[in-house]
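The values are calculated or read from the model by the stated rules, or taken from the named source; none is laboratory data. Everything quoted here is computed from the prediction, not taken from an experiment. So basically every Cβ, Gly included, is an ideal-geometry build from the backbone, and we count neighbours across all protein chains shown.
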Amino acid sequence: MRRSFKFLLRPTVEQAAALTQCLEDHRELYNAALEHRRTAYREAGVTIGYGEQSAELKEIRKADPDGPKAALALVRDYDLIVHEDLRITNMTRSVSGTVEAPGRNVAQKSGLNRSILDAGWGVFLTILAYKAESAGRELIAVAPRDTSRTCSRCGHCAKENRLTQAAFRCTACGHAAHADVNAAINILRAGLALREAAQAA
């Protein structure tokens, strides 16, 4: 009596490539989700269930459908990727405070929390880290402190350097640039310094 069956599949080259890519995508997503749960528990003691992740993934797809593609493009195009070490769990922690220490700027912080979570930064960085490791790319996280306030030309740091959210003008040397570009240069420079220090150790 036969209790099972074996099937021999003979896919075309195109079908085999598509099947391999599909399995690879599923593997990457599973591992990224697992790392996301581990990070949340390790950094904030928060347990995230499969249902929560599934719902979160749907929201992230709606808010930023190109996020995974952007991560893949970065890994394909660059051997070294440097980003700010954003502690998402700390940035989105409860703002209500306690009786002894009531929360401040609750409305503003709550809005920031929603923006951070809506952007799916934590998931994006997790996917980016996994893809970078799989492709043998170097990924460096640097401290975010003052990267947006420091002049990338002369090194002067002051909150007055940020004219607006997008505009940067150094009050010391007059250097002007888009704030994101200025910060990106500082982040890259910090990452290169960390790599050089690690290589020298």
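Answer yes or no as to whether Arg145 is free of Cβ contacts under 8 Å to residues at least 12 places away in the same chain and closer than 26 Å to Leu125 by Cα. Yes; evaluated as a whole, the condition is true for this residue. I'd like to know if region 26-38 contains one or more residues that are in contact with a strand residue (DSSP E or B) (Cβ under 7 Å, 6 or more places away or on another chain), at pLDDT 80 or above and under 14 Å from Leu125 (Cβ atoms). Within region 26-38, not a single residue is in contact with a strand residue (DSSP E or B) (Cβ under 7 Å, 6 or more places away or on another chain), at pLDDT 80 or above and under 14 Å from Leu125 (Cβ atoms).
Only one of the listed residues (Ala176, Ala158) is surrounded by fewer than 16 Cβ atoms within 10 Å (Cβ to Cβ), hydrophobic (A, V, I, L, M, F, W, C), over 24 Å from Leu74 (Cβ atoms) and in contact with a Ser or Thr (Cβ under 6 Å, 6 or more places away or on another chain). That residue is Ala158. Is it the case that some residue within region 49-66 is within 30 Å of Ala193 (Cβ to Cβ), at pLDDT below 85 and surrounded by 12 or more Cβ atoms within 10 Å (Cβ to Cβ)? Within region 49-66, none of the residues are within 30 Å of Ala193 (Cβ to Cβ), at pLDDT below 85 and surrounded by 12 or more Cβ atoms within 10 Å (Cβ to Cβ).
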